[in-house]
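Novice: Following this message is one structure expressed as structure tokens.
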Amino acid sequence: MTKNPNVLGWVDETIALCKPDKVVWLDGSQEQLDELRRQACETGEMIKLNEEKLPGCYLHRTAVNDVARVEHRTFICTKKKEDAGPINNWMDPDEMKAKLTKMYDGVMKGRTMYVIPYCMGPIGSKLSKVGVEVTDSIYVVLNMDIMTRMGKQALEHLGDTSNDFVRGLHSKADVDEENRYIVQFPEDNAIWSINSGYGGNVLLGKKCFALRIASYQGKNEGWMAEHMLILGIENPQGETKYVAAAFPSACGKTNLAMLIPPEVYKKQGYKVWTVGDDIAWMRIGEDGRLWAINPEAGFFGVAPGTNDKSNPNALATTKRGTIFTNVAHNLDDNTIWWEGLDKNPPENAVDWKGNPWNGKTSAEKGANPNSRFTAPAKNCPCISDKFNDVNGVPISAIVFGGRRAKTAPLVYQSRDWAHGVFVGSIMASETTAAATGAVGVVRRDPMAMRPFCGYHMGDYFGHWLEMGERLGDKAPKIFNVNWFRTDDEGHFIWPGFGDNMRVLMWILARCEGKADAVETPIGYEPKPEDINIEGLEGITADTVRGLLDVDKDLWREEAAGIEDFYKQFGDRLPKEMAHQLEVLKKNLQ
Ligand code: OXD
Ligand code: MN
């Protein structure tokens, strides 16, 4: 399939190490994929769902001990420990390779090795990059087919001589939790993953390549790999402006990426288009602006809570050609169900662990809380017509957000790019009672990249500052939002979901110089009357005023927390960041 000696040489090395019985190169053809689907169903690895109700859809259950990303077993292996930084787990690359080589040795005896060439980003785009993943899992192959542009086309994009591809070695081995490792070697363009079959750990194009390795490449090559959704807002005149937004998990990222405009905008002819829901790769274009692509080709979304109200577009996306992982299996009509899908759980079902399950009477959950759908982006009713554009889309605004009960206002704008980098660096989310029992524990998650930055976080802030210098006055404006302010009874004040567009509209108006702002100690805020609340029940300009309130006492505590957080970066914290913190403290006096 390729003459590229770098690819061939590396695949030969993995064959010599893993010793599979058979090697299959994925060309991306439907015949080949159909045959693999047939085999997976024959062994029980996948279950074919109702062809009339869910055409081309399958169900898969992972091992019960293997249902999520494992941050404590995820490593960044750079030659020097300090290059991985204080937030990442680190081990010496030679030591790690020696340790894992023993585990990979002969691991595929009796198994087939699949070689998956894939392209992150549109084929032919200068912003795209190629990876090759070898794996012993058909589930991985079929997911990579949805999540990436896979097969021959990827090798053609790479060409016959290039060495610029990421080498991804995966074996599910025995799915042994104690020996599970997700390892990035950024200096070698390599990823080694072993003893897991869960998406985030084994679909190596996603978090491992498109964020951890790519963030490192981006630093060295002058571009950015970010944990951001990309959406476009089209005005009634047909012009579309694009926003990239970073949120930690459990903050409604997929919902924002696919939002349905509120009536007040819909009737005027506004439309929202999804370019991506999780990852953005951004480069400075010839015009000096920042251009973004979504490197993925599908959505690997959390299923529970997805329904006709919360995200009708995501639900519609999962109706064809989708792989469901760890959801409940409705035996009556051979379909699937998850908590929060509807109020009608199946009685004759199998839960995500594979046990008989009655949704009407069982106290257990039918679907794992982190159960997923892997769905082709092309199914999405609001997918952007720029989704496959080799140039990507120009970004007008960058939005950071977190889940804060009191501190962060509904929205504020940074004074300039450097201040915006500070705003991103202090991103944090409060844990919810449901998740941990301890309400309001703040987890700092800079730019939502805490688990995904492939190098020292202090250098990462430095890279952001450099990008700003290169962008100059063409830089996107940077904002922070918080949909999660609560009242004294702990109820959310802002309605969220589609109504978040009202805040995005102020953001875009600011980018176009069409809206006013007031200065506060933390940055620029809208005047309450500049957030459109037409048609919103129970929300008045006074409510908005409350949502925009900046409590100086809380912010002084915040500044102290930031100071503590920054200490770990030592002298690799850019001076500009320390300066921004001083400015904040001064503004709060
Ligand atoms: C994801 C995550 O799965 O951020 O996208 O954990
Ligand atoms: Mn994510």
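The values are calculated or read from the model by the stated rules, or taken from the named source; none is laboratory data. Here the structure is a predicted model, which is why all the values come from computation and not from measurement. Note: ideal-geometry Cβ built from the backbone for every residue, glycine included; neighbour counts use all protein chains shown. The accessibility values were calculated without ligands, DNA or RNA, using every heavy atom of the protein model including side chains. Shrake-Rupley method; radii C 1.70, N 1.55, O 1.52, S 1.80 Å.
Novice: With a/c under 1.5 counting as rounded, go ahead and sort the range 28-185 into rounded, prolate or oblate using the C-alpha gyration tensor (a ≥ b ≥ c being the square roots of the eigenvalues; past the cut-off, prolate if a/b is larger than b/c, else oblate).
Specialist: Oblate is the answer for the range 28-185, as a/c is 1.5 or above yet b/c matches or exceeds a/b.
Novice: A further question on this structure: How much of the DSSP bridge set in the chain is antiparallel, in percent, rounded to the nearest 5?
Specialist: Here the share of antiparallel DSSP bridges comes out near 65 percent.
Novice: Here's a follow-up. Residues of the range 123-164 with the amide nitrogen closer than 17 Å to a label point 7 Å from the Cα of Glu286, along Cα-to-Cβ, please.
Specialist: Output list for this probe position: 124-128.
Novice: For labels at Asp542 and Glu42 in the simple 7 Å Cα→Cβ model, what's the distance in nm?
Specialist: Output for this residue pair reads 7.1 nm.
Novice: What angle do you read, to the nearest 10 degrees and between 0 and 90, between the alpha-carbon axis of helix 575-587 and the longest principal axis of the chain?
Specialist: With rounding to tens, the tilt is 40 degrees.
Novice: Post the alpha-carbon centroid distance, the range 362-410 to the range 239-292, in whole angstrom.
Specialist: Between the Cα centres of the range 362-410 and the range 239-292 lies a distance of 9 Å.
Novice: Considering just Cα atoms, how many Å³ per residue does the convex hull of the range 286-387 enclose?
Specialist: Looking at the range 286-387, the number lands at 114 Å³ per residue.
Novice: Another one. Are there GluC sites (Glu not before Pro) in the range 7-101 that DSSP marks as loop and that have at most 12 other Cβ atoms within 10 Å, and which are they?
Specialist: Glu51, Glu52
Novice: Then there is this: Suppose each label sits 7 Å from its Cα in the direction of the beta carbon; what would the Ala98-Lys406 distance come out to in nanometres?
Specialist: So the two model labels end up 5.3 nm from each other.
Novice: Any idea what angle helix 5-18 forms with the longest principal axis of the chain, computed on alpha-carbon atoms, 0 to 90 degrees, nearest 10?
Specialist: 70 degrees
Novice: In units of 2.2 N^0.38 Å, what is the alpha-carbon radius of gyration of the chain?
Specialist: Details: Rg = 23.6 Å, N = 589, 2.2 N^0.38 = 24.8 Å.
Normalised Cα radius of gyration, the chain: 0.95.
Novice: Now for a separate question. For Leu36, tell me the accessible area in Å² from a 1.4 Å probe, rounded to the nearest 10.
Specialist: Number for this one is 10 Å².
Novice: In nm², what is the average projected area of the convex hull enclosing the Cα atoms of the range 1-46?
Specialist: That works out to 4.1 nm², a quarter of the Cα hull's surface.
Novice: For n ≥ 4 DSSP H runs only, could you compute -39500 (n - 2.57) per run for the chain, divide by its residues and tell me the 222 nm figure to the nearest 500? Could you put the intermediate results ahead of the total?
Specialist: Working: 18 runs with 163 residues, N = 589.
It lands at -8000 deg cm²/dmol.
Novice: Another question about this same structure. Using alpha carbons only, how many degrees (0 to 90, rounded to 10) separate the axis of helix 552-567 from the longest principal axis of the chain?
Specialist: That works out to roughly 40 degrees.
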